[in-house]
Amino acid sequence: MNTTITQHPVLLIGGSGMVGKNAAEHLRRFHPELPILIGGRNLEKAQTVANQLGNAQAVQIDLERPNLGLPEDIQLSAVGTFFRDGEFYSQRWAQNKRIPFLFISGYEHEIGKHTSIYLHGPLAAPVVIATHWMGGIPITLAKHYARQFRSIEAINISVIFDPEEEIGPDGTLQNEGEIEETSPYPLFFQDGKWKRAKDEMDIGRTIKTVDGSIQEATAFSSPDILSLGAMDIKSARFDFLAHESSGRKSGGQITHDIIIEITGELKDGTLTTVRREIVYPDNQSSMTGLGAAIGIEHLLGLVDTAPRPGLYFPENVIDPLHLEQRLKQTGTHIS
């Protein structure tokens, strides 16, 4: 692992929000010497987070201004955005400054806008569309586990979101109505074709949760499905279930549970379904922050050589072995 720390800070826009603060804390734990700039609309709140982190400063961000209200001569190693930027000013600004950029907030139907902005800006730095679930953790693992197969019939990712979990203003449950309004039919991949789930048979899927109960999950248009459909497979789904997490059900704290199922032919010719369960010992805000922090590590070249200028999904950038190592460091159980 490359442990050289850049001299310029990484700017976390929304770094005092729930997910952004978690990302900052993960980065600080992994890299005590990394300079961090906490950007927020509320400077006092941002400064509080910076003081808690150490080796960090705060800066006020104005997302209504194309330059974000930042000094023209500011020097940064990377920028991460942790809340929805309706005008896409943060991406435009980072691209114009030739600064590596990662963002996590957005939905499947919005990716075309980010792509258009990227293609019409300076193609001089990497831009990572990490709006995937948990900043790209499940899709990176799914792609990694798929490598043991000669051919794949289907990949299904199911996520269990504990309804008692505290979530921020961009949280999943609050935005279900917006998703249904702008993209009412969830996207899935079947028999080699993109499809929209328009009837109950397509929308629902019966799954077995980590605790062994049988539940009815719902198709969800997470950007993960775009990555899954681009793989050499026949079918893929991403399903969402609001249900008591395995950690809370066992009498402990809320966990975030993810199930990855891959059906196909292994390299030795065996036909099978491999099921992997990922139980993160904290809430989804913490896990999303972890996924973003790992993506930023890669952008900074702290894991391996930094990615070349280009447009990426998280699984194109994140080393899955490094991801597994970070998950183990946070106490995640993978079985």
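None of the figures in this text is laboratory data; all of them are computed from the coordinates on show. These figures come from a predicted structure and were not determined experimentally. Cβ: placed from backbone, ideal geometry, glycine included. Neighbour counts: every protein chain shown.
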Notebook entry, point to check: So, in Å, what gap is there between the alpha-carbon centers of segment 190-254 and segment 1-78?
Noted result: 34
Check: What ranking, highest mean first, results for peptides 314-321, 67-74 when packing means the other Cβ atoms within 10 Å averaged over each residue?
Finding: 314-321, 67-74
Notebook entry, point to check: What are the ³J(HN,Hα) values, in whole Hz, obtained from phi via the Karplus relation 6.51 cos²θ - 1.76 cosθ + 1.60 with θ = phi - 60°, for each residue of segment 103-116 in sequence order, with x given for Gly and Pro?
Noted result: 9, 10, 9, x, 10, 3, 6, 9, 5, x, 5, 4, 5, 4
Notebook entry, point to check: Taking a 31 Å limit on the Cα-Cα distance, which of the listed pairs Lys113/Lys267; Lys97/Lys198; Lys193/Lys267; Lys208/Lys234; Lys208/Lys267 fall beyond it?
Noted result: Lys113/Lys267; Lys97/Lys198
Notebook entry, point to check: Looking at the square roots a ≥ b ≥ c of the eigenvalues of the Cα gyration tensor of segment 136-283, which shape do they give, rounded for a/c under 1.5, prolate if a/b is larger than b/c, or oblate?
Noted result: oblate
Note to self: Using each residue's phi in segment 17-28, evaluate 6.51 cos²θ - 1.76 cosθ + 1.60 at θ = phi - 60° and report the 3J(HN,Hα) Karplus result to the nearest Hz, with x for Gly and Pro.
What the structure shows: x, 4, 6, x, 5, 4, 4, 4, 5, 5, 4, 5
Check: Under a Cβ-Cβ cut-off of 12 Å, what is the net charge of the residues other than Ile260 that fall near it, where Lys and Arg count +1 and Asp and Glu count -1?
Finding: -1
Item checked: Backbone HN-Hα couplings from phi across segment 31-41 [Karplus 6.51/-1.76/1.60, Hz, Gly and Pro as x] -> 9, x, 9, 6, x, 10, 10, 8, x, x, 6
Notebook entry, point to check: Rounded, prolate or oblate: which fits segment 18-148 when a ≥ b ≥ c are the square roots of the eigenvalues of the alpha-carbon gyration tensor, with rounded for a/c under 1.5 and prolate only if a/b beats b/c?
Noted result: oblate
Next item on the list: Calculate the spin-label point distance for Ser151 paired with Ile214, positioning each point 7 Å from the Cα along the beta-carbon direction, and give it in nanometres.
Entry: 3.1
Next item on the list: Evaluate the charge dipole of segment 136-283 about its Cα centre and quote only its size in Debye, nearest 20, assuming +1 on the Cβ of each Lys and Arg and -1 on the Cβ of each Asp and Glu.
Entry: 860
Notebook entry, point to check: Within segment 234-335, which trypsin sites (Lys or Arg not before Pro) sit in a loop by DSSP and count at most 12 neighbouring Cβ atoms inside 10 Å?
Noted result: Lys267
Checklist line | Rounded FRET efficiency, nearest 0.05, which uses the C-beta distance separating Asp268 from Arg65 and R0 of 56 Å | finding: 0.45
Notebook entry, point to check: Which residues in segment 267-293 have a backbone N closer than 13 Å to a point placed 7 Å from the Cα of Glu324 along the Cα-to-Cβ line?
Noted result: 276-277
